[in-house]
2 protein chains.
Amino acid sequence: MVAPREPKQDRSRATRQRLLEATIESLAEQGWGPTTVGHVAERAGVSRGATQHHFPTREDLITAALDYMFDTRMGDAVAEEGDLPTGAERTEAVVARLVEYYTGPMFKAALQVWTAASSDPDLRARVLPLEDKFGRAAHRTAVRHLGVDDADPRTHRLVQATLDLARGLGLADVLSDDSRRRGEIVKAWAAVLDASLPLPTAAS
Amino acid sequence: MVAPREPKQDRSRATRQRLLEATIESLAEQGWGPTTVGHVAERAGVSRGATQHHFPTREDLITAALDYMFDTRMGDAVAEEGDLPTGAERTEAVVARLVEYYTGPMFKAALQVWTAASSDPDLRARVLPLEDKFGRAAHRTAVRHLGVDDADPRTHRLVQATLDLARGLGLADVLSDDSRRRGEIVKAWAAVLDASLPLPTAAS
């Protein structure tokens, strides 16, 4: 499927990307156990040798996949920033979008890895820095989209609570479609934020 | 270790209980994969035959363990109801206690099962009714302890959001001790509830 004159470096990058995407899909759909390097290589249509050239171990592959998907998702969030409504509807739209991050394949994949890491000290050491990075970036994005002043301690806590709530809503969606109830919770929480947070410093 | 004149029925009940507790411990400490019937039997010091008499399949054992631990925890919650402070400190104490349910071994065990069930349709069919039962019981307990009127739709949503938040905080505690941050979030959330919920109907 590779165009004949595609430079080697681009081919390599495309192969890497295909492996990372196949990893997330495999984790989200089939879970931790079946997501081995061999399975991902087959799923991505990449040879075992080429796969191990890019990712020597299963942990390398899986942590790189989470990191890549997270960066991609955060890039999308920046790109979509202009689509957020201004005015009274903004808070609900921001909360709804944040919560969306936690109900997609990336969260479902991460959940498999977090859960496996809870009883695997080596994997835990690999994913803790990612958890930290993801948490900070998600917080920054929430603050920017809400247009609030994070230096205010109460605001800081309420933004954190919003992300904790989003994580909990993500977990509630793992076994069954919880979207209807979730929509009501998002609405109720956005109303609380509007009533509790100081007025946005900028919502443009 | 069984007293000589202990009736057969009591011995059987004690064996069953030991198996259920060993299942929760194994899930919480070692994760889904290693928690087989054989491993649990060994951990509980019960013969494989006796274990299979009580629980013919791994799914029987695991779902019974979650159900038993949940009922025990809810029983404790009722018994501890009198310890909750009345007055201004009550909301924070109730939220803190709810959140505690989601950071203990039972939540960590349940997380392993939920995560495994997400890619195992048979297991999912077994745990969905449990998820439903647990969610309703936790909601009823929260409403009773907060002393609020759940018939009010906004109150109903905010109690649900409190449980979703608790679930998210539980997940944030899986890989590292998040208790310090969590205490601040509980405080901030309780203040929001106090400002947002109609006055308690009864807090006695």
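Computed from the coordinates by the stated procedures, all read-outs in this text should not be read as laboratory data. Small disclaimer: the values here were computed from a predicted structure and weren't measured. Here Cβ is always computed from backbone atoms with ideal geometry, including for glycine, and neighbour counts include all displayed protein chains.
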Shielding score for B:171-179, defined as the mean number of other chain Cβ atoms within 10 Å: 5
Taking the label point as lying 7 angstrom from Cα along the Cα-to-Cβ axis, what are the distances from A:ASP132 to the corresponding position in the remaining copies, in ascending order and in nanometres? 4.3
Dipole size in debye (nearest 20) for region B:9-196 around its Cα centre, Lys and Arg Cβ +1, Asp and Glu Cβ -1? 320 debye
Have a look at B:SER176, B:SER118, B:SER47 and tell me which one the Gaussian network model of chain B (Cα, springs below 10 Å) gives the largest fluctuation. B:SER176
Average beta carbon contacts from partner chains per residue of A:119-130, 10 Å cutoff: 2
For A:GLY49, go 7 angstrom from Cα along the Cα-to-Cβ vector, then report the distances to that same point in the other copies in nm, smallest first. 5.5
Calculate, for B:ALA93 and B:ARG48, the FRET efficiency according to 1/(1 + (r/R0)^6) with r their C-beta to C-beta distance and R0 45 Å; round to the nearest 0.05. 0.50
What are the ³J(HN,Hα) values, in whole Hz, obtained from phi via the Karplus relation 6.51 cos²θ - 1.76 cosθ + 1.60 with θ = phi - 60°, for each residue of region A:137-148 in sequence order, with x given for Gly and Pro? 5, 5, 5, 4, 5, 4, 4, 5, 5, 6, x, 10
Neighbour cut-off at most 16 other Cβ (10 Å), DSSP loop, GluC sites (Glu not before Pro), region A:1-71: none
Eigenvalues of the alpha-carbon gyration tensor of the protein assembly as shown, times 5 and square-rooted, give semi-axes in Å, largest first, of 36, 34, 15
Positive-end extreme of charge dipole, the protein assembly as shown - chosen from A:SER176, A:TRP32, A:ALA110 (charges on Cβ): A:TRP32
Evaluate the distance, in nm, between pseudo-label points positioned 7 Å from the Cα of A:ARG181 and of A:SER196 along their respective Cα→Cβ axes. 2.1 nm
Taking Cα pairs closer than 8 Å and at least 6 residues apart, the relative contact order of chain B in percent is 23 percent
Using a 10 angstrom cutoff on alpha carbons, build the Gaussian network for chain A and name the most mobile of A:HIS39, A:HIS53, A:HIS139. A:HIS53
HN-Hα couplings for region B:84-101 via Karplus (6.51, -1.76, 1.60; θ = phi - 60°), in whole Hz with x for Gly/Pro, come out as 5, x, 9, x, 5, 8, 5, 4, 4, 5, 5, 4, 4, 5, 4, 4, 4, 4
Rounded to the nearest whole number, the per residue volume of the convex hull around the C-alpha atoms of region A:63-196 in Å³ is 109 Å³
What order, most packed first, do the peptides A:108-114, B:154-160, B:191-197, A:8-14 have when packing is the mean number of other Cβ atoms within 10 Å of each residue? A:108-114, B:154-160, B:191-197, A:8-14
Prolate/oblate/rounded call for region B:1-130, Cα gyration tensor, a/c under 1.5 rounded: oblate
Per DSSP H run of n ≥ 4, the term is -39500 (n - 2.57); total these for chain B, divide by its residue number, and report the mean residue ellipticity at 222 nm rounded to 500 deg cm²/dmol. -24500 deg cm²/dmol
How far is the Cα center of region B:7-32 from the Cα center of region B:87-114, in Å? 22 Å
Output, in nm with one decimal and in ascending order, the distances from the A:ASP194 label point to the matching label points of the other copies (7 Å from Cα along Cα-to-Cβ). 2.5
Report the closest approach of any chain B C-beta to the axis of the B-to-A rotation: residue and distance, in whole angstrom. B:GLY168, 2
Under the definition of partner shielding as Cβ atoms of other protein chains within 10 Å of a residue Cβ, what is the mean value for peptide B:29-36? 3
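What is region B:129-204 by shape, rounded, prolate or oblate, if you read a ≥ b ≥ c off the alpha carbon gyration tensor as root eigenvalues and call it rounded for a/c under 1.5, prolate for a/b larger than b/c, and oblate otherwise?
Because a/c hits 1.5 or more and a/b fails to exceed b/c, region B:129-204 counts as oblate.
Under a Cβ-Cβ cut-off of 12 Å, what is the net charge of the residues other than A:TRP114 that fall near it, where Lys and Arg count +1 and Asp and Glu count -1?
Net charge in that neighbourhood comes out at +2.
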Candidates B:ALA96, B:ALA79, B:ALA116; GNM for chain B (alpha-carbon contacts under 10 Å) flags as most fluctuating B:ALA79
